[in-house]
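Working notes, beginning with the structure itself.
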Ligand SMILES: C[S@@+](CC[C@H](N)C(=O)[O-])C[C@H]1O[C@@H](n2cnc3c(N)ncnc32)[C@H](O)[C@@H]1O
């Protein structure tokens, strides 16, 4: 797995992205693009909902790609985590737009699942995008980060139903899936490893409702993440949109048209 680190490597990804076909006018992604252009997400509100100063140290039990099976305890400041692992403004606008673009079903609120909540910036963006009318399920390995996410959601959208589950995904995901949930929106943002991403996709794909989305973060984080994203973007029954750092797959439902590969968004909307 070669990590994307240098400006030259990012430039090469950007050149590749630029040559993808752009989403068609009036096509499947129009509703999402409109939601992205018109979203009223207040990024300052998202940031200010963080209930800790950026200098505060957090002891984080990390099960990410660079840690072993048992996880590694790291001491990081809130500011470091915000700067390196948390959703930023450009991503937050897309997360809010995705939540907004999902039609609430008449009998139920939208159901949103996030793998890897970190400090809760993505969670707050989703819930605000859904206007607080959603059930949010978050899986997080670190108890301290899960607690912060809960505090933040409670402060910004107390009306949302929040279900936070703490532990490594290898334990929490099978338990959750055994309950046979159905999701409108799934955000995979935990374990940046192509093999794990493929495994999570295979486990979750049948739980996504027709018209629902699976969003993958950091699709150009490494060559193997990019290779697996590319495989997913060519799956039957999905339509794929490449936002540059993130990718989104829409479940078009069996027998519906597929995109035959990813489309990219117009340059100014890049995430
Ligand atoms: C990139 S951060 C998530 C950022 C967050 N989604 C946001 O929008 O701000 C990744 C998170 O996933 C968690 N994580 C990574 N691998 C995990 C695993 N295997 N099991 C449980 N949690 C994991 C980490 O603790 C970290 O909080």
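Just for segment 1-152, what percent of DSSP beta bridges are antiparallel, to the closest 5? Walk me through the numbers before you get to the answer.
Values: 6 of 12 bridges.
Of the beta bridges lying entirely in segment 1-152, close to 50 percent run antiparallel.
Indicate, rounded to the nearest 5 percent, the antiparallel portion of the DSSP beta bridges found entirely in segment 28-269.
On the way: 15 of 38 bridges.
Among the beta bridges of segment 28-269, antiparallel pairing accounts for roughly 40 percent.
Starting from the Kirkwood Rh over alpha-carbon pairs, what translational D in µm² s⁻¹ does segment 28-269 have by Stokes-Einstein at 10 °C and 1.306 mPa s?
Values: Rh = 17.9 Å.
In µm²/s, the coefficient is 89.
What length, rounded to one decimal in nm, is gained on full extension from residue 205 through to residue 223, with 0.36 nm per residue of separation minus their alpha-carbon distance? The partial results should precede the final answer.
Details: separation 18, 0.36 × 18 = 6.48 nm, distance 2.27 nm.
Here the segment from residue 205 to residue 223 would lengthen by 4.2 nm.
Counting pairs of alpha carbon atoms under 8 Å apart in space and at least six apart in sequence, what relative contact order in percent does segment 135-184 give? Present the calculation step by step, with values, prior to reporting the outcome.
Values: 47 pairs, mean separation 23.4, N = 50.
Relative contact order of segment 135-184: 47 percent.
Specify the inter-centroid distance of segment 1-68 and segment 205-271, based on alpha-carbon positions, in whole Å.
A separation of 14 Å, based on Cα centres.
Between residue 161 and residue 175, what is 0.36 nm times their sequence separation minus the Cα-Cα distance? Round to one decimal in nm.
On the way: separation 14, 0.36 × 14 = 5.04 nm, distance 1.89 nm.
Answer, rounded to one decimal: 3.1 nm.
I need to check one value: relative contact order of the chain, counting alpha carbon pairs closer than 8 Å and at least 6 residues apart, in percent.
On the way: 517 pairs, mean separation 49.8, N = 271.
Averaging sequence separation for qualifying contacts and normalising by length gives 18 percent for the chain.
For the chain, with a Gaussian network of springs between Cα atoms less than 10 Å apart, report the residue from 237, 163, 184 with the top mean-square fluctuation.
Among 237, 163, 184, the largest GNM mean-square fluctuation belongs to 163.
In a GNM of the chain with a 10 Å cut-off on Cα contacts, which of 217, 171, 62 has the highest mean-square fluctuation?
171
From Cα pairs below 8 angstrom and at least 6 apart in sequence, can you work out the relative contact order of segment 53-157, rounded to a whole percent?
Details: 166 pairs, mean separation 27.6, N = 105.
The value is 26 percent.
Based on the alpha-carbon gyration tensor of segment 1-79 and its eigenvalue square roots a ≥ b ≥ c, which shape applies: rounded if a/c is under 1.5, prolate if not and a/b is larger than b/c, or oblate?
Numbers: a/c = 2.52, a/b = 1.39, b/c = 1.81.
In terms of gyration-tensor shape, oblate.
Can you tell me the length gained on complete extension of the stretch residue 235 to residue 144, counting 0.36 nm per residue apart and subtracting the Cα distance?
Values: separation 91, 0.36 × 91 = 32.76 nm, distance 3.67 nm.
Fully extending the segment from residue 235 to residue 144 adds 29.1 nm.
Please work out the FRET efficiency for the pair residue 151 and residue 25, using the Cβ-Cβ distance as r and a Förster radius of 35 Å; give the result to the nearest 0.05.
Numbers: r = 42 Å, r/R0 = 1.21.
Computed FRET efficiency for residue 151 and residue 25 comes out at 0.25.
In segment 168-271, what percentage of the DSSP-assigned beta bridges are antiparallel, given to the nearest 5?
Working: 9 of 16 bridges.
Antiparallel bridges make up about 55 percent of those DSSP assigns within segment 168-271.
Could you please rank 20, 177, placing first whichever residue has the fewest other Cβ atoms within 10 Å of its Cβ? Intermediate results must be reported in sequence, preceding the final value.
Numbers: 20 17, 177 13.
Sorted ascending by nearby Cβ count, the order is 177, 20.
Rounded to the nearest 0.05, what FRET efficiency do residue 59 and residue 10 give with R0 = 45 Å and r taken as the Cβ-Cβ distance? Could you check? Show your work: numbers first, answer last.
On the way: r = 32 Å, r/R0 = 0.70.
With R0 = 45 Å, the Cβ-Cβ based efficiency is 0.90.
Each value in this text was obtained by applying a stated rule to the coordinates, not by laboratory testing. Since the structure is predicted, the reported quantities are computational estimates derived from the model, not experimental observations. For neighbour counting, all protein chains shown are included, and Cβ atoms are generated from backbone atoms with ideal geometry for every residue, glycine included.
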